[in-house]
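First up is the structure itself, then whatever we jot down about it.
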Amino acid sequence: MSKYYTAMGAALTVFMIIIIAYTTALYGAIFPEPVMSEEQLVTTTGEGEIIHSMSGFLWDYRSLDLLMQPFVLFAAASGCAAMLRVIRRRS
């Protein structure tokens with residue numbers, strides 16, 4: 001590994017430690033809880049309406065899901081292959 005990458009890794013590590021220390025000092029060990037006003041709350045409807053609408057959406061567009069799934073798997077496989085490839089330098 002070259003000295004440049006070692007220096008960049010050390011710099012990023014120190015930077016992340018500084019950011020974590022700053023946020024811990026600013027907020028304490030517990031991050032602030034979100035505060036919601038009455039306007040931000042979602043109105044509730046009957047139990048059955050939301051369940052039936054979500055299951056209907058998922059089953060109606062199942063073919064779209066099945067078409068997109070191979071692309072996601074291909075992208076994951078090509079990403080893994082790219083990480084595991086061996087780069088040979090010319091001597």
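The values are calculated or read from the model by the stated rules, or taken from the named source; none is laboratory data. Source: prediction; values computed, not measured. Positions of Cβ are backbone-derived with ideal geometry, glycine not excepted, and every protein chain shown enters the neighbour counts.
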What's the number of the only condition in (1) surrounded by 10 or more Cβ atoms within 10 Å (Cβ to Cβ); (2) within 24 Å of the chain's Cα centre (by Cα); (3) modelled with pLDDT of 75 or more that Tyr27 fails to meet? (3)
Please name all residue pairs, on different chains or six or more residues apart, with Cβ atoms under 9 Å, provided the first residue is in region 1-19 and is without any contact (Cβ under 8 Å) to a residue 24 or more places away in the chain and the second residue is surrounded by 10 or more Cβ atoms within 10 Å (Cβ to Cβ) and assigned to a helix (DSSP H, G or I). Met1/Gly9
Within region 1-28, track down each residue that is closer than 30 Å to Arg89 by Cα, in a helix (DSSP H, G or I) and not polar (S, T, N, Q). Lys3, Tyr4, Tyr5, Ala7, Met8, Gly9, Ala10, Ala11, Leu12
